[in-house]
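The values are calculated or read from the model by the stated rules, or taken from the named source; none is laboratory data. Everything numeric here is computed off the predicted structure, so don't read it as measured data. We place every Cβ from the backbone using ideal geometry, glycine too, and count neighbours over all the protein chains shown. Quick note on the areas: whole protein, heavy atoms, side chains included, nothing else; ligands and nucleic acids left out. Shrake-Rupley method; radii C 1.70, N 1.55, O 1.52, S 1.80 Å.
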Amino acid sequence: MCLEKLDEKHFSSPYEYQQALNLTNLLVRKAEMVFSSHLAYCPPPVKKRKKGSASCWLPWWCVFLGWFLLLSISVLSTYFTLIYGFTYGKDGSIKWVMSLGLSLFQSIFILQPLKVIGVAVFFALLLKPVAVEESEEIEQVMLEQQDKCRRYSGRDTL
């Protein structure tokens, strides 16, 4: 813009002035293209969080406490389930264990995969990308880009 404010009288010939103006416009266009492609292909920098005193961490020994609680609750629940199963008698206990096993098998290998697929399909349909259609907004952006191209190429008479 500063070059456009200069008159041709500061250059030795009108050809040199036009050449300098064209070179400047070319450099501005290249810089804008590099900047726009940089924004399109490079993600913004991720700000690293500094470790502060605001975060709350448990002591290292809480991991062992958690594993102990998990194992003890699992053993206790298995024990009481077996004791409860003995009250049915031999035939009832066998039917009960088979029912428990089939229910577990059905849940792990049939129901849970169907739930995962269902949720995936639901979110795929819900979050599908919207097709870009020709509209007034796109035409406005195209006109603005064409205007910028005319200005930077030196074809604009403003």
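Report whether or not residue 33 is modelled with pLDDT under 60 and under 18 Å from residue 152 (Cβ atoms). Answer is no for this residue.
In the set (1) open to solvent by less than 100 Å² (accessible area, probe 1.4 Å); (2) modelled with pLDDT of 80 or more, residue 15 fails one condition alone, (1).
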